[in-house]
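Colleague: Shown below is the structure under consideration.
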Amino acid sequence: MLHDAIVIGGSFAGLSAATYLARARRSVAIVDTGTPRNRFAAHSHGFLAQDGSNPNAMLATARSQVGAYPTTTFINTKATKAVQQPDGFSIELTTGETLEGRKLILAFGIADELPDVPGIAERWGKTVIHCPYCHGYEFSGQRLGVLYSSEKSLHQAMLIAEWGPATLYLNGAPLPDSATLAELENRNVAIEPTGVAALHGEGTNLSAIELSDGRRPAIDALYVAPQNHLNSDIAAQLGCAMDTNPAGTIIRTSSMQETSVPGVFAAGDITRGAHSVTWASADGITAGVAAHRSLVF
Ligand SMILES: Cc1cc2nc3c(=O)[nH]c(=O)nc-3n(C[C@H](O)[C@H](O)[C@H](O)COP(=O)(O)OP(=O)(O)OC[C@H]3O[C@@H](n4cnc5c(N)ncnc54)[C@H](O)[C@@H]3O)c2cc1C
C-alpha cells in the first residue's frame, strides 16, 4: 500500500502533523517507538490548557484522537532506513517490513547526553533539569545549582539566577574570563570551582551535592545543559542538509518545515535549537499542512 504520508516519530511533532493530514482525509502511517524525550518528567509545563499535565497522558490522549480518524495507521516499531523512490519513499522497519509513502515527515526527536556524575541519571526530569521555563517555577526561591559542561552553562547560570539563589559548579573547569565573572557576580551567581563527585537525596529528591574534597553543600535542584543527538540517522541517509548549534546537529528546514530534500519534511526538536512541546506541535502542524499541500499542488 502506498500511504500519502509516513510520519517517523509519533510524539508531539509527529502526531500534530498526522492530525492535519488525517483531517485532510489523507492516509498516514505513524511509525513510533514510544519514547518521547520528556518521558522522565511527571509534569509538562507551559503548553496552553495543559499546564502541569502528565506528558505520557497527553500523548495517550493524542494517540487515541489521531487513531480515531479512519485513514491513520499506527506502527509501533523502529524505522531504520529510508530510500528515495520514483513516486516517494520506502521506509524499512526493524520488523523487516517496508512501508511506502508519497511524502515523508521526520519527527523522531533527540536524545540528551547527560553528564557522567553518579546520581544525575535517576533524577533527570525531576530534580536535575535543563529548562527553567519548563520546571524552574516549581523550584522558585530554592537552592539552585548549574553544573558546568560547556560555555552554554555560563548563560544558563545567569538566566536561572532569575528563579533563586544560584551556584555555578565548575566541576574542575577553568574559571571564566573576568568579564563573564563580573556578569555572574552582577547576577549574584556564586562560583564553586571544585570537582563534583555525586548527588545525594532521598529517592529522586536532591538534598546535597558532594564535591571531590568531601564537602556536601545543600541543594534542591541542579540544572544541566546536555549535548543533543538526533535519535535516527534517517535524515542523513536521505542527504538532508544539516546545521550545527551549540547543543548539536539539527535538520535544516524551510519556514514550511521542508528539508533540503523535496518531499521530506521535518518537525520538532530535530529542527530547532530551543525546544518545547508547543514549538514541536506547531512545527508538526506546519509540516502536516505543507506535506498535504505538496500532495495537492
Ligand atoms: C526532562 C525533560 C522535561 C521537559 N519538560 C518540558 C515541559 O515541561 N514543557 C515543554 O514544553 N517541553 C518540555 N520538554 C521538551 C519536550 O520534551 C520536547 O520539546 C518535545 O518532546 C519534542 O517533541 P518531538 O515530537 O519533537 O520529539 P519527542 O517527543 O522526543 O518524540 C520523538 C518520538 O520519535 C520516536 N522515535 C525516535 N526514533 C524513532 C525511529 N527510528 N522510528 C520510530 N520512532 C522513533 C520516539 O520514540 C518518540 O516517540 C522537556 C524535555 C525534557 C528532556
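Colleague: Which far-off residues, 5 or more places away or on another chain, put their amide H under 5 Å from the one on T249, with H placed in the peptide plane?
Modeller: Hits under the 5 Å cutoff: L230.
Colleague: For the chain, compute the number of Lys pairs whose alpha carbons are separated by less than 29 Å, excluding pairs fewer than 8 positions apart on the same chain. Before the final figure, lay out each step's value.
Modeller: Working: K78/K103; K78/K126; K81/K103; K126/K152.
Lysine pair count for the chain: 4.
Colleague: For the chain, build the charge dipole from Cβ charges (+1 Lys, Arg; -1 Asp, Glu) around the Cα centre, then report which of Y148, A190, N228 sits farthest towards its positive end.
Modeller: Most positive-ward Cα: N228.
Colleague: For the range 1-66 and the range 276-297, compute the distance between their C-alpha centroids and round to whole Å.
Modeller: Centre-to-centre (Cα) distance: 12 Å.
Colleague: At V83 and S178, where each label point lies 7 Å from the Cα along Cα→Cβ, what is the point-to-point distance in nanometres?
Modeller: Result: 6.3 nm between the two label points.
Colleague: What cysteines in the chain have no other cysteine with a beta carbon less than 4.7 Å from their beta carbon?
Modeller: Result for the chain is C240, no neighbouring Cys Cβ within the cutoff.
Colleague: I would also like to ask the following. Could you calculate, for the range 254-297, the ratio of the Cα radius of gyration to the Kirkwood radius, expressed as Rg to Rh? Working shown, then result.
Modeller: Values: Rg = 10.3 Å, Rh = 10.5 Å.
Rg divided by Rh gives 0.98.
Colleague: Is it possible to state the helix-based mean residue ellipticity at 222 nm for the chain, with each DSSP H run of 4+ residues giving -39500 (n - 2.57), the sum divided by total residues, to the nearest 500 deg cm²/dmol? What is it? Could you put the intermediate results ahead of the total?
Modeller: Details: 7 runs with 72 residues, N = 297.
Result for the chain, helices only: -7000 deg cm²/dmol.
Colleague: For the chain, what is the per residue volume of the convex hull drawn over the alpha-carbon atoms, in cubic angstrom? Working shown, then result.
Modeller: Details: hull volume 40.8 nm³, N = 297.
Convex hull of Cα atoms, per residue: 137 Å³.
Colleague: Given the range 51-161 reduced to its alpha-carbon atoms as identical point scatterers, what log10 I(q)/I(0) does the Debye formula return at q = 0.09, 0.11, 0.18, 0.22 Å⁻¹?
Modeller: -0.46, -0.64, -1.02, -1.26
Colleague: Moving to a separate point now. May I ask which residue of T167, H130, H200 lies farthest towards the positive end of the charge dipole of the range 115-223, with charges of +1 (Lys, Arg) and -1 (Asp, Glu) on Cβ and the Cα centre as origin?
Modeller: H200
Colleague: Figure the gain on full extension for Q237 and T204 (residue separation times 0.36 nm, minus the Cα-Cα span) and round it to one decimal in nm.
Modeller: Values: separation 33, 0.36 × 33 = 11.88 nm, distance 3.90 nm.
Once the chain is fully extended between Q237 and T204, it gains 8.0 nm.
Colleague: Also, quick follow-up: Post the alpha-carbon centroid distance, the range 225-259 to the range 80-158, in whole angstrom.
Modeller: Distance between centres, Cα-based: 12 Å.
Colleague: Just subtract the alpha-carbon distance of N56 and V296 from 0.36 nm times their residue separation and send over the number in nm, one decimal. Intermediate values should be presented prior to the final figure.
Modeller: Numbers: separation 240, 0.36 × 240 = 86.40 nm, distance 3.40 nm.
Answer, rounded to one decimal: 83.0 nm.
No lab work stands behind these numbers, since they all come straight from the coordinates. The shown structure was predicted, so the numbers you read here are calculated from the model rather than taken from an experiment. Note: ideal-geometry Cβ built from the backbone for every residue, glycine included; neighbour counts use all protein chains shown.
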